[in-house]
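> Mind looking over this structure? Questions follow.
The values are calculated or read from the model by the stated rules, or taken from the named source; none is laboratory data. In this text the structure is predicted, and so the values were computed from the model without any measurement. Counting neighbours? That spans all protein chains shown, and the Cβs are built from the backbone with ideal geometry, glycine included. The accessibility values were calculated without ligands, DNA or RNA, using every heavy atom of the protein model including side chains. Shrake-Rupley method; radii C 1.70, N 1.55, O 1.52, S 1.80 Å.
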Amino acid sequence: MLNISENRIDKLVDMSQYTSARIFADNKHYRIIRKVVWGVAIVILLVLFLPWTQNIKGSGYVTTLRPEQRPQTVHAIIGGRIEKWYVQEGDYVHKGDTIMFLSETKDSYFDPNLIANTEDQVKAKEDAVESYTEKVNALTQQIKAIKRERGLKLKQAHNKLEQSRLTVTSDSIDLEAVKTQLSIAETQYNRAFSLNKEGLKPMTYVEEKKVKLQEMQAKKITQENKYLASQNELINAEMELTRLNAAYAEKLAKAQSDIQTALSTRFDTESQVSKLRSQYAGYIIRRGMYYITAPQDGYINRALKSGIGETIKEGTSVVSIMPTNFDIAVETYIEPLDYPLIHKGGKVRIWFDGWPTIVFSGWPGVSYGTFGGVIVAKENFISANGKYRVLIAPDPEEKDWPKELSVGAGSQTLALLDDVPIWFEIWRTLNGFPPNFYNTPESGESTNEKKK
């Protein structure tokens, strides 16, 4: 069996003929270098397997969590002339404190008795509405009275019409009776005349019958006249009934027309009353807008208008106020490539400008001067700077943020993702791959959690 110690290259080849072999042959310093190189290589190899926290970098500034807590400007609701300032820059104001007083510049509001005069107009129009209401009620009662009178008159006319019909019938029967009597009288006269010729009856008898005949003839004419008169009465009764219907229909139409006119006028007056009431309320509210007041507690940062007697338009910014009570937050911006990796509730490390900080992006646990945060909102629309806006609030599970922070201070953020070996992170970066951590609000689980 071949001995291992004999299986060396220097036993088989003359190494003295090679310069490099002669240099490293017996030099102890080079032996140390070789050990150091091997040690460094081993350390680098071990470091490549150390954990590295993937992260997303962002930059932004300190802001407030709620919109109403951010710095705001106070505007003049109405236009006017600056008469007096009640504050100066740096003053602390409570909600409702007066900032400035304006005077009127529109001639339509110069009247000092404008509110009182408008109130009088409102009362006058309200009285007019009451008058038209009473008129409508009176016309309604008048219509009811006309209808009752029409009913009585029509009933009377119908009775008269029925009476005339009965009279015509009675006169017709009487005329027929007279005609029958006339016919009998003519027959008796002819018989008496014949008997007289035969000498059976005297002349006086004939004359009596002749007188009787003439009486019947006269009675017939009288009855015919009476019959014609009763027919005329019937026609007159029918015409009276028609006239009554037409007359009362005209009265009712006129009364109803008067009601509609009164209602129309009342509605128009009510509309004027509503308009005057709106003007009255507007004048009262406008009178209160001469005083510009603080919308909330805070400090006067800056006066945007100055001087006395300066005229400003409605909607003009007057001063800026910084609220005293606010919940601090950080507004940061990330690249569109990293947007899918950000989700609500994700952990973030933050450090602030001017605050002592030592940051190891891959090892947040050994960083100094950073503070914990939680993502509370992210915009779905890209900002003007080409990045997406993310809002971060303090993490309640970690130490409080510095109280010395002011709104507007700069900040840097690291959104923490998955833990991977360093060699994997180097390989991913060199290839331009995104981090291997996707967490969505719907799932609520990271890739590591899913693997488990």
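> Within segment 84-153, which chymotrypsin sites (Phe, Trp or Tyr not before Pro) sit in a loop by DSSP and count at most 12 neighbouring Cβ atoms inside 10 Å?
Here the sparse-neighbourhood loop sites are Phe110.
> Protein chains only, probe 1.4 Å: how do Glu176, Glu398 rank by accessible area, largest first?
Glu176, Glu398
> Moving to a separate point now. Under a 5 Å amide H to amide H cut-off, with H placed in plane at 1.01 Å, what residues pair with His75 once short-range neighbours are removed?
Hits under the 5 Å cutoff: Val318.
> Roughly how many Å² of Glu104 are accessible to a 1.4 Å probe, to the nearest 10?
Its heavy atoms expose roughly 30 Å² to the probe.
> If one computes the Cα centroid of segment 109-151 and of segment 380-401, what distance in Å separates the two points?
With segment 109-151 and segment 380-401 each reduced to a Cα centre, they are spaced 64 Å.
> Might you work out the accessible area of Lys197 for me, using a 1.4 Å probe with all protein chains in place, and round it to the nearest 10 Å²?
150 Å²
> Could I ask something else about it? Give me the accessible area of His158, 1.4 Å probe, in Å² rounded to the nearest 10.
His158 exposes around 100 Å² with every protein chain in place.
> Apply 1/(1 + (r/R0)^6) to the Cβ-Cβ distance of Gln217 and Gln156, taking R0 = 56 Å, and write down the FRET efficiency to the nearest 0.05.
Approximately 0.90, to the nearest 0.05.
> Residue by residue through segment 288-293, what is 3J(HN,Hα) from phi via Karplus (6.51 cos²θ - 1.76 cosθ + 1.60, θ = phi - 60°)? Round to whole Hz and write x for glycine and proline.
Working through the residues one at a time gives x, 7, 5, 9, 8, 10 Hz.
> From the cross-link list Lys147/Lys254; Lys179/Lys212; Lys144/Lys254; Lys95/Lys403; Lys197/Lys219; Lys125/Lys254, which pairs have alpha carbons spaced over 19 Å apart? The partial results should precede the final answer.
Values: Lys147/Lys254 13 Å; Lys179/Lys212 13 Å; Lys144/Lys254 13 Å; Lys95/Lys403 24 Å; Lys197/Lys219 28 Å; Lys125/Lys254 26 Å.
As for pairs spanning more than 19 Å Cα to Cα, those are Lys95/Lys403; Lys197/Lys219; Lys125/Lys254.
> A further question on this structure: Across 10 Å bins from 0, what is the distribution of all Cα-Cα pair distances for segment 297-362, in whole percents?
12, 26, 24, 21, 13, 4, 0
> Could you state the principal axis extents of the C-alpha atoms in segment 127-172, from the largest down, to the nearest angstrom?
Per principal axis, max minus min of the Cα coordinates gives 66, 9, 5 Å.
> Just flag the chymotrypsin sites (Phe, Trp or Tyr not before Pro) in segment 148-234 sitting in loop per DSSP whose Cβ has no more than 11 other Cβ atoms within 10 Å.
When the chymotrypsin sites (Phe, Trp or Tyr not before Pro) of segment 148-234 are filtered for loop state and at most 11 Cβ neighbours within 10 Å, nothing remains.
> Shifting gears a bit: Which ³J(HN,Hα) values, rounded to whole Hz and listed in residue order, are derived for segment 242-251 from phi using the Karplus coefficients 6.51, -1.76 and 1.60 in 6.51 cos²θ - 1.76 cosθ + 1.60 with θ = phi - 60°, glycine and proline given as x?
Along segment 242-251, the couplings run 5, 5, 4, 4, 5, 5, 6, 5, 5, 4 Hz.
> How much net charge surrounds Asp127 when only the other residues with a Cβ under 11 Å from the Cβ of Asp127 are counted, with Lys and Arg +1 and Asp and Glu -1?
Residues near Asp127 contribute -2 overall.
> Taking the Cβ of Ile77 as the centre, find all other residues whose Cβ is under 9 Å away and add up their charges (Lys, Arg: +1; Asp, Glu: -1).
Overall, the nearby charge balance is 0.
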